Amino acid sequence: MRRNTTRSLKALALCAVGLAIHGLATAQTRELDTKGVLLDRIAAIVNDGVVLTSELDAQIQQVSERLEAQRLELPPENVLRRQVLDRLVLQQIELQRAEHAGIKVSDDTLNAALEDVAKRNNLTLSQLPDALGSQGVDYAAYRDELREEITLSMLRQRDVLEHISVTAKEIDQYLEKQAKLPSAENEYSVSHILIAVPQEATTEQVEQASKRAADVYQRATSGEDFAKLAVAYSNSQTALEGGSLGWRKGSELPTFLTDVVAQMKPGQVSQPLRTPTGFHVIRLNDVRSSTAKSVERQVHVRHILMKTTELADDATVRGKLSALRDRILRGEDFGALAETNSEDPGSAPQGGDLGWTAPTDFSPEFTKMIEGLKEGEISEPFKTQFGWHLAQVLGWRDYDNSKDLQRRKAFEAIRASKADEETELWQRRLRDEAYVDYKS
C-alpha cells in the first residue's frame, strides 16, 4: 500500500535524525540542508504508523470544498479537524490490519475497477488519466486511493460480512414481516446522527450521550440543517457526508432503522433511538418506488473444464478438448466423458451439469459462447479465466424466479442490515485495541 509505505518512510526519516518517535511527535521534520525548511509534522501516531499533518490538511480541504459545494455551513474549525483526523486514524488502523492479514489488491483487480470507472463515465481506460487530469486529479494518486478503498472493502468483507450469519428462519420471518409492509419495495433516502456510547460506559456517560442526542433532536426539529448537525456532532463514519446513508431499499436498511423509517414521512426526524453503539437521531429525506424483476431467462448447460499446467500449455489442452468433442460427435456420452475428464470439482460428478442458471451468472466469455449455441449443440473449445471449456446447451427457459429472488434479496438485506451495526462495533474494537497518540 503506497500511502502506508510513504507514511512509514516519512516516519523513518524523522527517526533518522536520532530521536525516538514519541519525542519526534513534538518536534518538526526539517529538510536536511542548511535552510532548515519545515517539511511536515505528525498529526497522530497510530500503532507503528503515523498520520501526517499534510494528509490531514489535504483531507480537510477536500471535505470543506465538498460541504461548500453542497451549500452546507462548515462546523467550527476544531470540530472539523478532529472529525477528519478521527477518520484518517481509523483508516490507518484498518490499512495496517489489512497489511498484517496479507490482503493485497492485484494490478489486474485494480485495472478492472478503473475500467469500470471509465465505462460509467463513457470513457476508455486509456482516456481516464487525461479526464482526471482535466479535473485537477493526479492519476497516480487516484490509483493509490482506489487501491486503498478496494483493500478496505476486502478487509471488511473478510472481518465483518463473512462472519454475519443469516438463517432460513430469519429469512422466513423477514419475508413474513415484509409482506405486512405495503412499502417493502420502496427505496429510502435516510440520514442519521450517532451519539456514540463507549462499550463499558458509566451511567454518567450514558446520561451525557442521551442529553446530547436529545439536544440534537430538538435542534433538528426546530429547523436547523440536519447535515450540518451531523458534521458537527455525529460519531458515525457518515458524519462528513452529512450523515447520509444514501438510497437504500426498505429491505436493506439497518435493522434498528426498519420499523422507525416505515412509520416516518419525508422530512421527519425521529426521537433518539438507543442501540448498542449509542443514540441515533434519524431523518427520512425522501422515498421512491422500486419494482423487482420476477422473470429471468435461464439456460441449462453442461461443460468439461481443463486447465493448463507447466506440462500442458494452451495448445495441448485445446487439442485434448477437440479430441473429446470429436468423440462426443461420434456418439460417446458427454456426461460420461465430463465425469472422467473435467477438472471442475463441482460439476464433474454430475456429468458436467451446471443446472438451470441465468447466463449472466457465468463469466463473460462463457456467456458469449453459450448464447451462440442452439439446443443440443456443442461448442468448440474456448478459454475463460478458469481454463478451457467444452460446453453444450441442453435447453432455454423463461423462469418465474419471484420466490428465489425474494429469498435471495431477503438474505442480502438481512446481512446488509446487520453489516452497518457490526461494522460500527468492529471499527470501535479496532480503535480501542490500537495505540493512538494525537499530536494535532
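The values are calculated or read from the model by the stated rules, or taken from the named source; none is laboratory data. Worth saying up front: this structure is predicted, and the values here are computed from it rather than measured. Neighbour counts are summed over all protein chains in view; Cβ atoms, including those assigned to glycine, are modelled from backbone coordinates with ideal geometry.
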Quiz item: Does D259 satisfy the condition of being surrounded by fewer than 18 Cβ atoms within 10 Å (Cβ to Cβ) and either part of a helix (DSSP H, G or I) or modelled with pLDDT of 95 or more (or both)?
Solution: yes
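Could you check segment 243-256 and list, in sequence order, the residues that are part of a strand (DSSP E or B) and aliphatic (A, V, I, L, M)?
Once the filter is applied, which keeps residues that are part of a strand (DSSP E or B) and aliphatic (A, V, I, L, M), segment 243-256 yields only L245.
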Exercise. Check whether at least one residue in segment 385-393 is outside the structural domain of A112 (by TED's automatic domain parsing) and free of Cβ contacts under 8 Å to residues at least 24 places away in the same chain, and report yes or no.
Key: yes
Exercise. Give, as residue ranges, the helices (runs of 4 or more DSSP H) completely inside segment 15-131 that count at least 1 residues that are modelled with pLDDT of 90 or more and closer than 24 Å to R156 by Cβ.
Key: 53-69, 77-100, 107-120
Quiz item: List pairs: first in segment 137-158 and more than 22 Å from A58 (Cβ to Cβ), second part of a helix (DSSP H, G or I) and not basic (K, R), Cβ under 7 Å, 6+ apart or cross-chain?
Solution: L155/E94; L155/A98; R156/T423
Self-check item: Filter result for Q208 (in contact (Cβ under 8 Å) with a residue 12 or more places away in the chain, farther than 26 Å from S289 by Cα and not aromatic (F, W, Y))
Solution: no
Quiz item: Out of segment 99-132, which residues are in contact (Cβ under 8 Å) with a residue 40 or more places away in the chain and among the hydrophobic types (A, V, I, L, M, F, W, C)?
Solution: A101, I103, V105, L110
Exercise. Could you tell me whether any residue of segment 336-349 is in a loop (DSSP other than H, G, I, E, B), under 32 Å from the mean Cα position of the chain (by Cα) and without any contact (Cβ under 8 Å) to a residue 40 or more places away in the chain?
Key: yes
Quiz item: Across segment 352-380, what is the total count of residues that are in a loop (DSSP other than H, G, I, E, B) and surrounded by 20 or more Cβ atoms within 10 Å (Cβ to Cβ)?
Solution: 2
Quiz item: in a helix (DSSP H, G or I) and within 21 Å of T277 (Cα to Cα), is that true of Q157?
Solution: yes
Quiz item: Can you tell me which residues in segment 226-242 are in a loop (DSSP other than H, G, I, E, B) and touching a Lys or Arg at 6+ places or on another chain (Cβ under 8 Å)?
Solution: Q237, G242
Practice problem: Of all residues in segment 131-170, count the ones that are farther than 26 Å from K119 by Cα and in contact with a Lys or Arg (Cβ under 6 Å, 6 or more places away or on another chain). | Solution: 2
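For every residue, the table says whether it meets (1) farther than 27 Å from G250 by Cα; (2) over 17 Å from the mean Cα position of the chain (by Cα); (3) surrounded by 12 or more Cβ atoms within 10 Å (Cβ to Cβ).
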position: A98; (1), (2), (3): yes, no, yes
position: L125; (1), (2), (3): yes, yes, yes
position: L155; (1), (2), (3): no, no, yes
position: L161; (1), (2), (3): no, no, yes
position: T167; (1), (2), (3): no, yes, no
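Is it the case that segment 162-176 has a residue that's hydroxyl-bearing (S, T, Y), under 30 Å from H100 (Cβ atoms) and assigned to a loop (DSSP other than H, G, I, E, B)?
Yes, segment 162-176 contains a residue that is hydroxyl-bearing (S, T, Y), under 30 Å from H100 (Cβ atoms) and assigned to a loop (DSSP other than H, G, I, E, B).
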Quiz item: Which is farther than 12 Å from I304 by Cα and either in contact with a Gly (Cβ under 8 Å, 6 or more places away or on another chain) or modelled with pLDDT of 85 or more (or both), of K409, K403, K383, K374?
Solution: K374
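Residues are listed down the side, and each one gets a yes or a no for (1) among the small types (G, A, S); (2) touching a Ser or Thr at 6+ places or on another chain (Cβ under 6 Å); (3) at positive phi:
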| position | (1), (2), (3) |
| --- | --- |
| Q127 | no, no, no |
| L132 | no, no, no |
| L152 | no, no, no |
| A168 | yes, no, no |
| I193 | no, yes, no |
Quiz prompt | Failed item in (1) surrounded by 22 or more Cβ atoms within 10 Å (Cβ to Cβ); (2) farther than 20 Å from D420 by Cα; (3) of a type in the set (K, R), with R283 passing the rest | solution = (2)
Practice problem: For segment 397-439, enumerate the residues that are crowded, with 17+ Cβ neighbours inside 10 Å and of a type in the set (F, W, Y). | Solution: W426
Quiz item: Being of a type in the set (A, V, I, L, M), crowded, with 17+ Cβ neighbours inside 10 Å and modelled with pLDDT under 90, is that true of even one residue in segment 205-225?
Solution: no
Exercise. Output the residue which, of all residues in segment 202-218 that are among the hydroxyl-bearing types (S, T, Y) and part of a helix (DSSP H, G or I), is farthest from the chain's Cα centre (by Cα).
Key: T203
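Report, by residue number, each residue of segment 239-250 that is under 18 Å from the mean Cα position of the chain (by Cα) and closer than 19 Å to K418 by Cβ.
L245, G246, R248, K249
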